[in-house]
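Below: one structure, written as structure tokens.
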Amino acid sequence: MSSRSNLVKALIAISTILMFVTSTGLTLALANDYRMRDIVPAEVHLTDGTSLSGLDRDSARELMIDRLDGGEEDPFTVSLGDRHFTFDVDDAVGIDADAMLDVALSGRTSTPLAERMFSQITGESESVAVVPIYQIDENALTASLKAIASKVDTPPVDAAIFIDQGRIAKRSSAYGLKLEVEETARRITQALSAGVRRAELCVTETPPAIADEALGRTIVVSLSERRLRLYEGMDVKKTYRVAVGAPGHSTPRGTWEVINKRRMPTWRNPGSAWAADMPAVIPPGVNNPLGTRALDLNATAIRIHGTTKNYSIGTAASRGCIRMHRWDVEALFELVPVGTPVLIVR
């Protein structure tokens, strides 16, 4: 046998041994990689610094729940300005341990095999902070937030001038508040992920249908003062002296409105006893008891009108209507539209 033949055989033998060693090493490396698939790699920790390195799946899950899902004695606080509400968020929000485990073990599953084997050989690994991941029981969280909403939600308030217990009252407009449950839930989850047990409520403002500046004009008649006041929004724009109903013909108190406006009105006999000796119709002119302008109200046979009896202004002298000087009723006539509220109080 020649020396060349012996050399070839030796090379074949060495190659076979190397292949066996390599194959065995690879097999062992694969077996070790498989064995380590559920072991958290080195340098993996929670955001609070708690190490998860070297723990198996069950131990890592238990540690994460113990560290992050045990706040029964530390309620969550939500705030709106200087108002604060606390509730037990743990009934509605819990740690998603499986999702966090996927992150903790991602170095075992998403990294190429060669890179994982290199890390095992060198002992080098990248530091990974596992951020808390929460899962929400939407029904439970919604129930908790609805309980808070019942204390936060307020309807908008329209501006108004009205009669309250026989007196004129004014109410300014105000925005309403509505708790946005979905966005508040997102803020709660975000806060918990950052290790904070406090968040601001998300609320939206609901504008009133009638703001102060949109209230318009209101006529207020005080029978005891014999005054008619014209309000512009919340403020008195004009004040006029008037005559009101005489005893037995009192001007009706209450909330009314202007339903018709008449220039140079015609007076028609209402058929009442006091008008028995008067004509059926009195056309416009100096003898017309309604004067030159009339504002008809939705109170039967009651109107605000002018008069030729200027001496009666400031007294209780009419048959229930509200009398004004000619120049005053003509000015008022131009200032108020049909539909203007008329409030008559004692």
TODO: For segment 296-342, name all the residues that are over 24 Å from PRO270 (Cβ atoms) and assigned to a strand (DSSP E or B).
DONE: PRO341
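Give the number of residues within segment 129-176 that are closer than 30 Å to THR340 by Cα and of a type outside the set (Val, Ile, Thr). Talk me through it step by step, then tell me what you get.
Keep residues of segment 129-176 that are closer than 30 Å to THR340 by Cα, which gives 154-176.
Filter again for of a type outside the set (Val, Ile, Thr), leaving 155-156, 158-160, 162, 164-167, 169-176.
So the count comes out to 18.
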Task: Which listed residue, of VAL221, VAL236, is free of Cβ contacts under 8 Å to residues at least 60 places away in the same chain, out of contact with any helix residue (DSSP H, G or I) (no Cβ under 9 Å at 6 or more places or on another chain) and in a strand (DSSP E or B) - done: VAL236
- [ ] Residues being over 21 Å from PHE162 (Cβ atoms) and either out of contact with any Gly (no Cβ under 9 Å at 6 or more places or on another chain) or part of a strand (DSSP E or B) (or both): count how many of those fall in segment 241-273.
- [x] 17
Open item on the list: Please determine whether any residue of segment 164-184 is under 32 Å from the mean Cα position of the chain (by Cα), surrounded by fewer than 16 Cβ atoms within 10 Å (Cβ to Cβ), at positive phi and of a type outside the set (D, E, K, R).
Closed with: no
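When you check MET264 against the structure, is it farther than 30 Å from LYS170 by Cα, without any contact (Cβ under 8 Å) to a residue 24 or more places away in the chain and surrounded by 13 or more Cβ atoms within 10 Å (Cβ to Cβ), yes or no? Give the steps one after another, and end with the answer.
Working: farther than 30 Å from LYS170 by Cα: yes; without any contact (Cβ under 8 Å) to a residue 24 or more places away in the chain: no; surrounded by 13 or more Cβ atoms within 10 Å (Cβ to Cβ): yes.
Against the criterion (farther than 30 Å from LYS170 by Cα, without any contact (Cβ under 8 Å) to a residue 24 or more places away in the chain and surrounded by 13 or more Cβ atoms within 10 Å (Cβ to Cβ)), MET264 does not qualify.
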Task: Residue, farthest from the chain's Cα centre (by Cα), within segment 126-153, restricted to residues that are in a loop (DSSP other than H, G, I, E, B) and surrounded by fewer than 16 Cβ atoms within 10 Å (Cβ to Cβ) - done: GLU126
Open item on the list: Please go through segment 223-245 and give me each residue that is under 41 Å from the mean Cα position of the chain (by Cα), buried (at least 16 other Cβ atoms within 10 Å of the Cβ) and not basic (Lys, Arg), ordered by number.
Closed with: LEU228, LEU230, TYR231, GLY233, MET234
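Which residue, of THR255, THR218, THR251, THR189, is of a type in the set (S, T, N, Q), farther than 30 Å from ARG323 by Cβ and touching a strand residue (DSSP E or B) at 6+ places or on another chain (Cβ under 7 Å)?
Values: THR255 fails: farther than 30 Å from ARG323 by Cβ; THR218 fails: farther than 30 Å from ARG323 by Cβ; THR251 fails: farther than 30 Å from ARG323 by Cβ.
That would be THR189, the only listed residue that is of a type in the set (S, T, N, Q), farther than 30 Å from ARG323 by Cβ and touching a strand residue (DSSP E or B) at 6+ places or on another chain (Cβ under 7 Å).
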Task: Lone qualifier among ALA194, ALA174, ALA149, ALA129 - being among the small types (Gly, Ala, Ser) and within 30 Å of ARG229 (Cα to Cα) - done: ALA174
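Just so you know, all these numbers are worked out from the coordinates, no wet-lab data involved. Note that the structure is a prediction, hence the values are computed from the model and not measured. Reconstructed Cβ throughout: ideal geometry from the backbone, glycine too, with neighbour counts over all protein chains shown.
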